[in-house]
Amino acid sequence: MKKIALFLFYTLFFLAMLLFFTPKENLYYFGEEQLKPLGVIIGYEEVIDHGFSLEIKDAKLYVQKIKSANIDSTIIHTFGVYNSVDVENIVLDSTFEQFFPPLINHLSLHQSIFSPQQVIAEAVGDFGEAHATVNLFDRNISVIVKPSKLMLSRYRNTLRQLKKTKE
């Protein structure tokens, strides 16, 4: 029994150290390079490795060379069986303000090994609340939006573009 417990301890310790010493910054920059051909550039960011997580501060997002958003803070947790990304204070560029409220307070993405084909996203901001499910295999996105009073009053045209279903 002692040998089994010792084996389990060493296995868990090895996995924990593997996660701790994974070159997360290099993986981040590799992912950034994979986004460049799609026209998505993340610049001016500060990348900090915290051992079990990676923090990205003060990033600026450009899509097709157009400044799209400022992102205050992003924390990425990669545990293998459960991965998450938490983004705080996304401020959209003023060019998008006529279509969408500029501030997204919090965005959270989760993926689990028990459902590897799905990414769950939740967001809260000036637009209200949103819950999204992304199916990676089918390339299908389902978003449920609970619009705020601001969204209902100032951005009615954007809401009209969304497909409405009863649930």
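Observations on the structure shown:
This table checks each residue for (1) exposed (fewer than 13 other Cβ atoms within 10 Å of the Cβ); (2) of a type outside the set (A, V, I, L, M, F, W, C); (3) not in a helix (DSSP H, G or I).
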{"residue": "Tyr10", "(1), (2), (3)": "yes, yes, no"}
{"residue": "Val47", "(1), (2), (3)": "no, no, yes"}
{"residue": "Asn70", "(1), (2), (3)": "no, yes, yes"}
{"residue": "Val91", "(1), (2), (3)": "no, no, yes"}
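- Number of positions in the range 102-129 that are more than 14 Å from Leu92 (Cβ to Cβ) and either part of a strand (DSSP E or B) or touching a Ser or Thr at 6+ places or on another chain (Cβ under 9 Å) (or both): 17
- Boolean, Thr95 is over 12 Å from the mean Cα position of the chain (by Cα), touching a residue at least 12 places away in the same chain (Cβ under 8 Å) and closer than 24 Å to Ile66 by Cα: yes
- The residues listed here are Thr74, Thr95; of these, the one that is part of a helix (DSSP H, G or I) and closer than 30 Å to Arg154 by Cα is Thr95.
Here's the yes/no breakdown for (1) under 24 Å from Phe127 (Cβ atoms); (2) modelled with pLDDT under 95:
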{"residue": "Met1", "(1), (2)": "no, yes"}
{"residue": "Phe21", "(1), (2)": "no, yes"}
{"residue": "Phe30", "(1), (2)": "no, no"}
{"residue": "Glu45", "(1), (2)": "no, no"}
{"residue": "Gly51", "(1), (2)": "no, yes"}
{"residue": "Glu55", "(1), (2)": "no, no"}
{"residue": "Asp58", "(1), (2)": "yes, no"}
{"residue": "Tyr82", "(1), (2)": "no, yes"}
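The values are calculated or read from the model by the stated rules, or taken from the named source; none is laboratory data. No experiment lies behind these values; they were computed from the predicted model shown. Counting neighbours? That spans all protein chains shown, and the Cβs are built from the backbone with ideal geometry, glycine included.
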